[in-house]
Amino acid sequence: MRDSVLLPGTAFLEMAVRAADETGCHGVAELVLEAPLVLTGGDIRIQLIVHGPDASGDRPFSVHSRNEHDWTRHATGRLSAVAQPVPPGTPVLPPDAEPVALDAFYGELDDAGYRYGESFRGMRAAWRSGDELFAEVALADAVPTDGFQLHPALLDAACQAMTLAGGDEPGLPFLWSDAELHARGARELFVRIAPAGPDAMSITAVDHEGTLVFRAGRLLTRPFARPDTGALPADSLFTVDWVPLPAPAPAADREWAVLDGPEADHGLGVPAFPEPSAVPPGTSIVLTAVDASSLHRILAAVQTTIATDRPEPLVVLTHHAVAVRPSDEPVPDRAAVWGLLRTAQSEHPGRFVLLDSDRPVTTADLRDALATGEPQVALRGADRYAPRLTRRPAALQPPAGEAWNLTASPTGSLDDLALTPVRPSR
């Protein structure tokens, strides 16, 4: 099995991006790679099933392949109902960036038993600046892009730069979050890879003109898995559930301020200030987020908070933005606020608290939310909830869904990779 050819995870992402287009979604909120797909040559039938919208408006999906007898689930995830905010500016190579030698890059991977075909050896140059990595990647001239949104070989080359981050073993992405494609048909990319939490990176890719092509808010990596390790156990994957929190311990009163125009108090009865720097020291700040139209204001407040040394976290208050109970009907437009702030929380732990409520909030609610020590809290009536990981159930036999024929060369080589959509029966 050491010489087996595995379909790259970027090919599953390519299918998910195409499914998002077909269903009117904006991108891939999450993609979890569960089991490798070994290419044996010839055609392989792959099926991607997109389900109806969940309470947040996202659409769950799964990807399966079939041999002569059985279905195998290779990936699961969610297609995003809400577009992620695009950060200002484009990646630019910093003046202090130091070149990374690539002469032995693919040779060392070959020696370790991880051999890339010529079409997947797309790293052209790389640099390091602090914790960030930058890379130039390109497709070989002979590789056609027809039929692809973003060729898996090109995005795979961009992800290969993550192996330059160091560690005992190189890592490869196995979980994508908040991935969106903004331009199609690229053959060259300039890529910025930045830390986004433990063992995770964010990736932003632009073309040679600086046009944004692809962005993923978070890629979680794991060490290379040998092809003969098989699929992950059914109970090794997790999902997020909201669980009740115990009543917090009594906490001292706090002084509060609302971050908004001078006439705003939003029912809290506390002073309002236009920006964090104007708030007196020792005062806790709450920012009210209405919907996606508030994102520019929220982003500015987040950036200002990061630039200051205030010890108090910024509390961002939303209403009906997340689904906590089965009866909840969140407003999809407000989910973008949580997407933006979750990214900020992963990059700057302890600086932000997300609070969602289904009722008017008092300063006592704000104080008690901070007293829980949780980065994300939901109020439903008198109860408080926080997100927790729980085990995800095993896959079921797939129903009818979007299908692809996956074609490689007779030897299973990735150099002639082709994905051909098969129109599903309606």
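Please give me the summed charge of the neighbours of residue 107: other residues whose Cβ is under 13 Å from its Cβ, Lys and Arg +1, Asp and Glu -1. All intermediate terms of the calculation are to be shown ahead of the outcome.
Details: positive: 115, 121; negative: 103, 108, 110, 111.
Charge balance near residue 107 sits at -2.
Could you give the radius of gyration (one decimal) and Dmax (whole number) of the Cα atoms in region 241-390, in Å?
My reading of the Cα-based Rg and Dmax gives 14.4, 44 Å.
Hey, if you put +1 on the Cβ of every Lys and Arg and -1 on every Asp and Glu Cβ in region 67-151, which of 133, 148, 95 ends up farthest toward the positive end of that dipole?
Projecting each Cα onto the dipole axis, the largest value belongs to 148.
Between residue 359 and residue 208, what is 0.36 nm times their sequence separation minus the Cα-Cα distance? Round to one decimal in nm.
Full extension from residue 359 to residue 208 adds 49.5 nm.
Between residue 54 and residue 66, what is the label-to-label distance in nm when each label sits 7 Å out along the Cα-to-Cβ direction?
2.6 nm
Order of 242-253, 118-129 by packing, highest average Cβ count within 10 Å first? Numbers along the way, then the final one.
Working: 242-253: 11.2, 118-129: 18.8.
Sorting 242-253, 118-129 by mean packing, highest first, produces 118-129, 242-253.
Within region 339-353, what residues put their amide N at less than 18 Å from the label point 7 Å along the Cα-to-Cβ vector of residue 86?
The answer is 340, whose backbone nitrogens lie closer than 18 Å to the label point.
Once you have the Cα-Cα distance between residue 278 and residue 389, take 0.36 nm times their residue separation minus that, and quote the gain in nm to one decimal. Working shown, then result.
Details: separation 111, 0.36 × 111 = 39.96 nm, distance 3.83 nm.
Additional length available on full extension: 36.1 nm.
Given the Cα-Cα distance of residue 327 and residue 307 and 0.36 nm per residue of separation, how much length would full extension add, in nm?
Contour length minus the Cα-Cα distance gives 3.3 nm.
How large is the charge dipole for region 241-390, taken about the Cα centre, if only the Cβ atoms of Lys, Arg (+1) and Asp, Glu (-1) carry charge, to the nearest 20 debye?
On the way: 12 positive and 20 negative charges, 59 e Å.
Taking the Cα centre of region 241-390 as origin, the dipole is about 280 debye.
How would you classify region 1-155 from its alpha-carbon gyration tensor, with a ≥ b ≥ c the square roots of the eigenvalues: rounded for a/c under 1.5, else prolate if a/b is greater than b/c, otherwise oblate?
It comes out oblate by the Cα gyration axes.
Any read-out appearing in this document is the output of simple, stated calculations on the displayed coordinates, not a laboratory observation. Because the structure is a prediction, the values reported are computed rather than measured. Counting neighbours? That spans all protein chains shown, and the Cβs are built from the backbone with ideal geometry, glycine included.
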